[in-house]
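Some notes on the structure that comes next.
Each value in this text was obtained by applying a stated rule to the coordinates, not by laboratory testing. Quick caveat: nothing in here was measured; it's all calculated off a predicted structure. Don't worry about glycine lacking a Cβ; one is built from the backbone with ideal geometry, like all the others, and counts go over all protein chains shown.
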Amino acid sequence: MPSIAIVGAGPGLGRSLAHLFGSHGFDVALVSRNPDKLAALQGELVAAGIRAESFPADAADPNALATALAAAAERFGGIDVLEFSPYAGLEVVAPTDATVENLTPALEVTLLGGVAAIHAVLPGMLERGAGTILVTTGGGAITPYPMLATVNAAQAGLRNYVHNLHQTVADRGIHAATVAINVFIGAEAPEGVPHLHPDEIAKVYWDLHTRRDRVEQLVTSHPDGV
């Protein structure tokens, strides 16, 4: 059976991705830093008839992340799809207030964590000549928001890396792509805030995995991302 590793698995988008890919016959490796939340999600998936396992790791710890993904690959016989979307927070920082100190946490989780996760699964994908890497960013990775200078910089760096990777490995059977989510994720949101249910957003990832026809999808308040 194919498998997906979801780094940053939680009760929102991660849950929707796990159910969607699991409903298509995927084994699901759940990776995040909270063992209790992982256990709850794993139990929910198993009850739905989906084979799922938990692999606790903090995305800011590249060694722990690599160990968790190696364990997942051993458990499921490889990782066919990697989805990376750990939540690093949305600290309000203007570009004039960005410093090495307040930028470092975002870089550790988002950029360095993303690179560590990708390199944990990439050798196996290259050996098989097949695989999908789907990385989540925000709309600010494309068009920066002045109040999210640190988050935007980290996500933009990861976006650049994934797009560059795509150019390098696309002809070797690996599809690397980014999903830039420019809405509030949820069934409801504060009045006037554009939002989209995570089940709808998850469909974008499935479409990128199956169609393999673009390196990026911007998600807005419309399911088709336009």
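Specify which of the listed residues (132, 143) is over 15 Å from residue 87 (Cα atoms) and either more than 17 Å from the chain's Cα centre (by Cα) or of a type in the set (D, E, K, R) (or both). Give the derivation first.
Numbers: 132 fails: either more than 17 Å from the chain's Cα centre (by Cα) or of a type in the set (D, E, K, R) (or both).
Of 132, 143, the one residue that is over 15 Å from residue 87 (Cα atoms) and either more than 17 Å from the chain's Cα centre (by Cα) or of a type in the set (D, E, K, R) (or both) is 143.
Of the residues 46, 100, 92, 31, which single one is under 24 Å from residue 169 (Cβ atoms) and either among the β-branched types (Val, Ile, Thr) or touching a residue at least 60 places away in the same chain (Cβ under 8 Å) (or both)?
Details: 46 fails: under 24 Å from residue 169 (Cβ atoms); 100 fails: under 24 Å from residue 169 (Cβ atoms); 92 fails: under 24 Å from residue 169 (Cβ atoms).
One residue alone meets the criteria, 31.
Please verify whether residue 142 is out of contact with any helix residue (DSSP H, G or I) (no Cβ under 7 Å at 6 or more places or on another chain) and among the β-branched types (Val, Ile, Thr), treating the condition exactly as stated.
Yes; evaluated as a whole, the condition is true for this residue.
How many residues are hydroxyl-bearing (Ser, Thr, Tyr) and free of Cβ contacts under 8 Å to residues at least 24 places away in the same chain when one looks only at region 173-226?
Keep residues of region 173-226 that are hydroxyl-bearing (Ser, Thr, Tyr), which gives 178, 205, 210, 220-221.
In the following step, the residues that additionally are free of Cβ contacts under 8 Å to residues at least 24 places away in the same chain were identified as 210.
Selection size over region 173-226: 1.
Take the residues of region 167-216 that are surrounded by 15 or more Cβ atoms within 10 Å (Cβ to Cβ) and aromatic (Phe, Trp, Tyr): which is farthest from residue 84 (Cα to Cα)?
In this case the residue turns out to be 206.
Of the numbered conditions (1) within 27 Å of residue 213 (Cα to Cα); (2) under 15 Å from the mean Cα position of the chain (by Cα); (3) in a helix (DSSP H, G or I); (4) of a type in the set (A, V, I, L, M, F, W, C), residue 65 satisfies every one except a single condition; which is it?
Result: residue 65 fails condition (1) only.
Take region 23-44 and flag every residue that is buried (at least 19 other Cβ atoms within 10 Å of the Cβ), touching a Lys or Arg at 6+ places or on another chain (Cβ under 8 Å) and either of a type outside the set (Val, Ile, Thr) or assigned to a helix (DSSP H, G or I) (or both).
Passing the criteria: 27, 29, 41.
Going residue by residue through region 146-166, is there one that turns out to be surrounded by fewer than 19 Cβ atoms within 10 Å (Cβ to Cβ), β-branched (Val, Ile, Thr), touching a residue at least 40 places away in the same chain (Cβ under 8 Å) and closer than 23 Å to residue 14 by Cα?
no
For residue 12, are the conditions met, namely being crowded, with 23+ Cβ neighbours inside 10 Å, touching a residue at least 12 places away in the same chain (Cβ under 8 Å), closer than 19 Å to residue 178 by Cβ and not aromatic (Phe, Trp, Tyr)? Write out each step before concluding.
Working: crowded, with 23+ Cβ neighbours inside 10 Å: no; touching a residue at least 12 places away in the same chain (Cβ under 8 Å): yes; closer than 19 Å to residue 178 by Cβ: yes; not aromatic (Phe, Trp, Tyr): yes.
When the stated conditions are applied, residue 12 does not pass them.
Looking only at residues in region 1-38 that are among the small types (Gly, Ala, Ser) and out of contact with any helix residue (DSSP H, G or I) (no Cβ under 7 Å at 6 or more places or on another chain), which one is nearest to residue 195 (Cα to Cα)? Talk me through it step by step, then tell me what you get.
So the first thing to find is which residues in region 1-38 are among the small types (Gly, Ala, Ser), and the list is 3, 5, 8-10, 12, 14, 16, 18, 22-23, 25, 29, 32.
From what's left, out of contact with any helix residue (DSSP H, G or I) (no Cβ under 7 Å at 6 or more places or on another chain): 14, 23, 25.
Working: 14: 16, 23: 24, 25: 29 Å.
The selected residue is 14.
Would you check which residues across region 45-61 are part of a helix (DSSP H, G or I) and under 22 Å from residue 179 (Cβ atoms) and list them?
To start, the set of residues in region 45-61 that are part of a helix (DSSP H, G or I) comprises 45-47.
Once the filter is applied, which keeps residues that are part of a helix (DSSP H, G or I) and under 22 Å from residue 179 (Cβ atoms), region 45-61 yields only 45.
Inspect region 117-139 for any residue being farther than 30 Å from residue 25 by Cα, touching a helix residue (DSSP H, G or I) at 6+ places or on another chain (Cβ under 6 Å) and surrounded by fewer than 19 Cβ atoms within 10 Å (Cβ to Cβ) and give the result as yes or no.
Within region 117-139, the first condition is being farther than 30 Å from residue 25 by Cα, and the residues that meet it are 139.
Then drop every residue that is not touching a helix residue (DSSP H, G or I) at 6+ places or on another chain (Cβ under 6 Å), which leaves none.
No, region 117-139 has no match at all.
Residues that are touching a strand residue (DSSP E or B) at 6+ places or on another chain (Cβ under 9 Å) and of a type in the set (S, T, N, Q): which strands (runs of 3 or more DSSP E) entirely in region 75-187 hold 3 or more of them?
Details: elements: 81-84, 131-138, 174-181.
Ranges flagged: 131-138.
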